[in-house]
Amino acid sequence: MSAAGSPFCKAFESRILLMDGAMGTMIQARDLSAQDFGGAQLEGCNEHLNLTRPDVIRAIHDAYLDAGADLISPNSFGCAPYVLAEYGLAERCHEITLAGARLARAAADSRSTPERPRFVLGAMGPGTRTITVTGGVTFDQVLDAYYRQARALIEGGVDALMLETCQDTLNVKAAAIGVRRAMTEAGRQLSLMVSGTIEPMGTMLAGQGVDALYASLEHLDLFSIGLNCATGPEFMTDHLRSLSEMATCLVTVYPNAGLPDERGHYEETPESLALKMRRFVEEGWVNAVGGCCGTTPAHITALSRIVGDHAPRRPSASRAAAVSGIETLYPADDNRPVLVGERTNVIGSRKFKDLIVEDKFEEGSEVGRAQVKGGAQVLDVCLANPDRDEMADMDRFMEQVTRKVKVPLMIDSTDAVVIERALRACQGKAIVNSINLEDGEERFEKVVPLLRTYGGAVVVGCIDEDKQQGMAVTRARKLAVAERSHALLTEKYGVPARDLIFDALVFPVGTGDVNYIGSAVETIEGIRAIKARFPESKTILGISNVSFGLPPAGREVLNAVFLYHCTKAGLDYAIVNTERLERYPSIPEEERRLAEDLIYWRGADPVAAFAAHFRGRKKEAKTGATLPLDERLARYIVEGSKDGLLDDLALKLKEAGALEIINGPLMKGMEEVGRLFNDNQLIVAEVLQSAEAMKAAVAYLEPFMEKDESATRATLILATVKGDVHDIGKNLVEIVLKNNGYRIINLGIKVPPGDLIAAYHQHKPDAFGLSGLLVKSAQQMVTTAQDLRAAGIEIPLFVGGAALTRKFTATRISVEYGGPTLYAKDAMDGLDLANRLFGATTRESLIERLRTEHERLRAGAEVSEEPRPTTAAPARSAVSRDVSVPKPPDLDLHVLRRVPLTHVFPYLNLQMLLGKHLGVKGSVQRLLAEGDPKTLEINAVIEELKREVVEQGWLEANALYRFFEARSAGEDLILSRDGREAARFTFPRQRAGERLCLADYVRDTAAEPDYVALFAVTCGKGVRELAERWKEEGQYLRSHAIQALAIELAEALAEMLHARLRTQWGFPDPPGLSMEDRLKARYRGIRVSFGYPACPNLADQRILFDLLEPSQIGLELTEGFMMDPEASVSALVFHHPEAKYFKAE
């Protein structure tokens, strides 16, 4: 939709145009009073300033024009009636919008010259409600709101209309209809521009990515598509590149100036914003650039310098065929055939029909979800039950199914009114099924306008008005009808050929109808002919029609063989039951031959031969039902499956007691789980799923056990040692041991020796298990061992943790303890040791092995601990002392509360999250890219958890930071505040090599101050309690995953905050820096945390806490100087360009 040839359109031909910046930011900078807005009740309604302070709005327009803007937008962002209604101004929508448009028009005209005209974009914001996400507004209300705004903007003289900051394509579709109506009434065709907002998680608020955004809106004939707002330019790069590659229209971009701090100040300076956007211009991705929230005329001036003489982007010449829901689907040769799930169809599925008749629409939508889970890439939706109100049923079902599935929908109806209602519920580009020439062009005339209005591809049946052979059976007739339909639809009705999907029709070959003898091969060849004639269009078939009337056991075989041959002929879409789709290679040769005889009509009576083979047969189950019962029970545990488990346990109870079952087949399954884990065939997440199945089995069997019976092998007390808050590893040990027959008493975190001694006397355990993360925790284990020995306790002591080693256990802990001391490197190693320790035949050999190993390690330690010769104190390193010092924006404390988690997610380190915590072996990114099933399954768990924590508010991201003046003095780092020393850190120096010390990264003179930053972040509030609750409920994987996610989110928040500090410091990351490079610290400067190699003194954490007071974000310090909650990070940040991570000796 563009006014081709207008001065506005021509202006884009020769150069990249410059848009203006933020209106709201400039208004806020004016520090206006309530009176300026028209009274206290209207304060904050920026748009009302068009009437009350037009001078302010005009001055802002003038400032942007003077900064170099070619395109300015009226102060009309929030002029939708339902937005203005919040101030009681809904009825003044036209007046306020018109006033804003006229102000912008006058400003642009005052600066326009024939050599450089200036233009006005009639911008309309997204409003405060979305149809899909927030609700509270209908399609028609959105349509009317934008009709009213557009009418006023057109009257005010704008040059184009823009829907900006779009978050829901359904809103955009409704708005576009309203805008078109306004243009038609005004008799003016203006260019329509759309700009979406992609959140940091990679999609719009309603879930669609840029490809789905564009696919959903391509029917609008847009003048431009673009991106704006969000968190700044960094996360726009990939999305903008994708838009540039696919869009056949122009592309615009105008990001925020980064993220605001707690005072509303945005982090991107004019120079840093221009630096990060330079790539957009140099790569030729854009036709116009500008700024959104937080940008000012200074930002626009900086952008004008990077635009220079760069050539504008040239629109793509062609567009690939695509359909979309939340996700986009590109049907192509490499993914044929696209599977269309057929079971959400009241005509074809008795189960689905019954659910709809019973008004069970949510349950009906679950049928659709099951089809998608079974492999459906598109979902066919048909509610045409003649005994019910099809439109009412369609409304209710679409409301449910659009929440349950992300795939494109196929709207299957013969009623154009019903089709329209369904399309009004589709965010994406749906497929309409179907139209044909049975009644001449009547169906074309009714449905094609809907495609132009709402977007969509369309199935075109090979049917015409011929009374004798209307439904084309032969290949020649199929092609002839397709040729006529193609000509009409592309030439007369203007439907793109890529949006046509020809249905070559499938007829039953086994009913005995002589008209359909040989019809299967005619359909195959019809597909081949249509594809050869119209390669840009697609083809589709309802596969199961071919087997109608045949024995049930044979139908799936015939369907699979028919699908195979149709696919070879070029079939693009196949309507099938994805949950029961037979794999062609798995079909026995004899059955494949019988099916092909029927398809190609070979032999005297292929129907009889096929029916005779399958008559009376039942389809064999592909489950483990044929395995012996004990093997099935063990298999449930190994596979982590509960489906059928309880039924089989009930069977087993008829022949064995509950305790016998637990100690027999179930424990055999857990032993196999341990073997597979140690053999790297299972990962942590899968072990947890097995534990969940084991818990469910034991819970079922417990009521059948005698009161004096117990499945307990031994009792263990687990604890994280005094001063340590880390418990994710300990909790994993608890889950694994508990579901392998051990009774566990978990004392929690920060447990002093006295509590362990008291628990020993109360619970009479068979062993202790101590956990700790940092070096200080390892030392605390020594102290704990001493206290236990002094109390006369000598039961076996298991120890584990990141800072612990086998050697430390032998040389430091076991020598202080009176009983056996066992080091376990992980939970499964702990299980193996426990099984050996408490096994009657293996205990003594294990104890002897430990004694020998400890003696060997102690002997080695004595040799290695000979005193080193003393050396002179090392000199200072060669780190440069005269690099220029960037000055931070201020020295104030900044507190960031409830940072949106969607802004943090992009910084998540999946290698750590899926690899370290959930056990995925190898490169996570490579495994995801290759479609590794195990990795994809675990990643799906995390993605679902991410969605839930946002929706339910389970996790909070809080942070605080502060810049300090700093100088060094030898190995000391001295921080100052208000001209006085505020704190002093002393860091160790390497005794050899480069002789590095952290203090070297700060200037040692007070003449010119240097700076460092300190910060603390946490994402751990409430996590421990939530994880504990899920653990008790048997949701072991989720319990472990939520702790892992919180820990890695804290690391991600630290990474995000560090990037923000670099920008504020004046050295933002280069535009091309990838997230992978960020996570590998390939940027200027470093952040170091206490307790790690360069600054190992954990007690220095107290100094940081005294300076920042993190308690205000819910972060406390234990007496062992560890942060509580566990999912927290603190750091000292250095800017020096030579700074790097090292180990101090």
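Selection over region 1066-1094 of residues that are out of contact with any helix residue (DSSP H, G or I) (no Cβ under 6 Å at 6 or more places or on another chain) and more than 30 Å from Met201 (Cα to Cα) gives a count of 2. If you check Tyr87 against the conditions, is it aromatic (Phe, Trp, Tyr) and within 27 Å of Gly232 (Cβ to Cβ)? Taking the combined requirement at face value, the residue does not satisfy it.
Rundown of residues vs (1) touching a residue at least 24 places away in the same chain (Cβ under 8 Å); (2) crowded, with 24+ Cβ neighbours inside 10 Å; (3) closer than 23 Å to Lys406 by Cα, yes/no style:
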{"position": "Glu164", "(1), (2), (3)": "yes, no, no"}
{"position": "Gly187", "(1), (2), (3)": "no, no, no"}
{"position": "Pro200", "(1), (2), (3)": "yes, no, yes"}
{"position": "Met204", "(1), (2), (3)": "yes, yes, yes"}
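Sub-7 Å Cβ pairs linking a first residue in region 1015-1044 that is of a type in the set (Val, Ile, Thr) to a second residue that is in a loop (DSSP other than H, G, I, E, B), at least 6 apart or interchain, are Thr1018/Gly1114; Thr1018/Leu1115; Thr1018/Pro1125; Thr1018/Ala1127; Val1023/Leu955; Val1023/Pro1125; Val1023/Ala1127, ordered by first then second residue. Tallying residues that are over 30 Å from Leu908 (Cβ atoms), assigned to a loop (DSSP other than H, G, I, E, B) and of a type in the set (S, T, N, Q) within region 188-232 yields 1.
Residue-level check: of (1) in contact with a Pro (Cβ under 9 Å, 6 or more places away or on another chain); (2) over 25 Å from Lys1140 (Cβ atoms); (3) of a type outside the set (Lys, Arg), Glu981 misses just (1).
Test Asp211 against the stated conditions and say whether it is more than 23 Å from Leu17 (Cα to Cα) and either touching a Pro at 6+ places or on another chain (Cβ under 9 Å) or of a type in the set (A, V, I, L, M, F, W, C) (or both).
Working: more than 23 Å from Leu17 (Cα to Cα): yes; either touching a Pro at 6+ places or on another chain (Cβ under 9 Å) or of a type in the set (A, V, I, L, M, F, W, C) (or both): no.
So Asp211 fails the test.
Candidates are the residues of region 330-354 that are buried (at least 18 other Cβ atoms within 10 Å of the Cβ), modelled with pLDDT of 90 or more and out of contact with any strand residue (DSSP E or B) (no Cβ under 7 Å at 6 or more places or on another chain); the one that is nearest to Leu213 (Cα to Cα) is Arg343. If I filter region 451-466 for residues that are within 30 Å of Met204 (Cβ to Cβ), assigned to a loop (DSSP other than H, G, I, E, B), within 40 Å of the chain's Cα centre (by Cα) and not β-branched (Val, Ile, Thr), do I get at least one hit? Within region 451-466, one or more residues are within 30 Å of Met204 (Cβ to Cβ), assigned to a loop (DSSP other than H, G, I, E, B), within 40 Å of the chain's Cα centre (by Cα) and not β-branched (Val, Ile, Thr). Of the helices (runs of 4 or more DSSP H) lying entirely inside region 25-67, those carrying at least 3 residues that are at pLDDT 95 or above and among the aliphatic types (A, V, I, L, M) are 54-67.
Checked against (1) at pLDDT 95 or above; (2) within 35 Å of the chain's Cα centre (by Cα); (3) over 20 Å from Asn46 (Cα atoms), Pro117 passes all but condition (2). Restricting attention to region 989-1013 and to residues that are within 16 Å of Pro888 (Cα to Cα) and more than 41 Å from the chain's Cα centre (by Cα), the residue that is surrounded by the fewest Cβ atoms within 10 Å (Cβ to Cβ) turns out to be Glu1008.
Residue-wise test of (1) farther than 28 Å from Asp890 by Cα; (2) in contact with a strand residue (DSSP E or B) (Cβ under 9 Å, 6 or more places away or on another chain); (3) outside any helix (DSSP H, G or I).
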site: Gly264; (1), (2), (3): no, no, yes
site: Ser272; (1), (2), (3): no, no, no
site: Arg279; (1), (2), (3): yes, no, no
site: Trp285; (1), (2), (3): yes, yes, yes
site: Ile300; (1), (2), (3): no, yes, no
site: Arg319; (1), (2), (3): yes, no, yes
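Please specify each residue of region 111-126 satisfying the condition of being part of a loop (DSSP other than H, G, I, E, B) and either buried (at least 16 other Cβ atoms within 10 Å of the Cβ) or acidic (Asp, Glu) (or both).
Filtering region 111-126 down to residues part of a loop (DSSP other than H, G, I, E, B) leaves 112-118, 125-126.
Glu115, Pro117, Arg118, Gly125, Pro126, listed by residue number.
On the stretch given as region 891-949, residues that are among the hydrophobic types (A, V, I, L, M, F, W, C) and in contact with a Pro (Cβ under 8 Å, 6 or more places away or on another chain) total 2. Checking region 535-543 against the condition returns a match, with at least one residue being modelled with pLDDT of 95 or more, closer than 21 Å to Ser434 by Cα, touching a Leu at 6+ places or on another chain (Cβ under 6 Å) and small (Gly, Ala, Ser). Could you say whether any residue in region 313-332 is touching a Pro at 6+ places or on another chain (Cβ under 9 Å) and among the acidic types (Asp, Glu)? Within region 313-332 (the criterion being touching a Pro at 6+ places or on another chain (Cβ under 9 Å) and among the acidic types (Asp, Glu)), the answer is yes, since at least one residue qualifies.
Checked against (1) under 30 Å from Arg675 (Cβ atoms); (2) in a loop (DSSP other than H, G, I, E, B), Ile793 passes all but a single condition, namely (1).
If a residue must be under 15 Å from Pro1068 (Cβ atoms), surrounded by 21 or more Cβ atoms within 10 Å (Cβ to Cβ) and either charged (D, E, K, R) or touching a helix residue (DSSP H, G or I) at 6+ places or on another chain (Cβ under 7 Å) (or both), how many such residues does region 225-236 contain? Total satisfying the criteria: 3.
Residues in region 247-275 that are surrounded by 23 or more Cβ atoms within 10 Å (Cβ to Cβ) and farther than 12 Å from Thr295 by Cα: Cys249, Leu250, Val251, Thr252, Val253. Quick one: would you say Tyr1141 is in contact with a Pro (Cβ under 8 Å, 6 or more places away or on another chain) and over 22 Å from Gly772 (Cα atoms)? Here the answer is yes, as Tyr1141 does meet what is asked. Determine whether Gly294 is at positive phi, within 28 Å of the chain's Cα centre (by Cα) and not in a helix (DSSP H, G or I). For Gly294, the condition - at positive phi, within 28 Å of the chain's Cα centre (by Cα) and not in a helix (DSSP H, G or I) - is met. Residue under question is Ala957, and the condition is that it be out of contact with any helix residue (DSSP H, G or I) (no Cβ under 8 Å at 6 or more places or on another chain) and hydrophobic (A, V, I, L, M, F, W, C); does it hold? Answer is no for this residue. Listed by first and then second residue, the pairs with beta-carbon distance under 7 Å, at least 6 apart or on different chains, first residue in region 494-517 and assigned by the TED database to the domain that holds Arg475, second of a type in the set (Phe, Trp, Tyr) and surrounded by 24 or more Cβ atoms within 10 Å (Cβ to Cβ), are Ile501/Tyr573; Gly510/Phe610. The sole residue among Arg129, Arg102 that is modelled with pLDDT of 95 or more, at negative phi and either in contact with a helix residue (DSSP H, G or I) (Cβ under 6 Å, 6 or more places away or on another chain) or surrounded by fewer than 24 Cβ atoms within 10 Å (Cβ to Cβ) (or both) is Arg102.
The set of residues in region 47-69 that are of a type outside the set (Gly, Ala, Ser), closer than 29 Å to Asn287 by Cα and within 39 Å of the chain's Cα centre (by Cα) comprises Glu47, Ile60, His61, Tyr64. Checked against the criterion of being modelled with pLDDT under 90 and not assigned by the TED database to the domain that holds Asp261, the candidates Ala1127, Ala1099 yield just one match: Ala1099.
Candidates Ile735, Ile757, Ile745: the one that is surrounded by fewer than 20 Cβ atoms within 10 Å (Cβ to Cβ), in contact with a helix residue (DSSP H, G or I) (Cβ under 6 Å, 6 or more places away or on another chain), outside any loop (DSSP other than H, G, I, E, B) and assigned by the TED database to the domain that holds Gly772 is Ile745.
The values are calculated or read from the model by the stated rules, or taken from the named source; none is laboratory data. Keep in mind it's a predicted model, so treat the numbers as computed, not measured. Cβ atoms come from the backbone with ideal geometry, glycine included; neighbour counts cover every protein chain shown.
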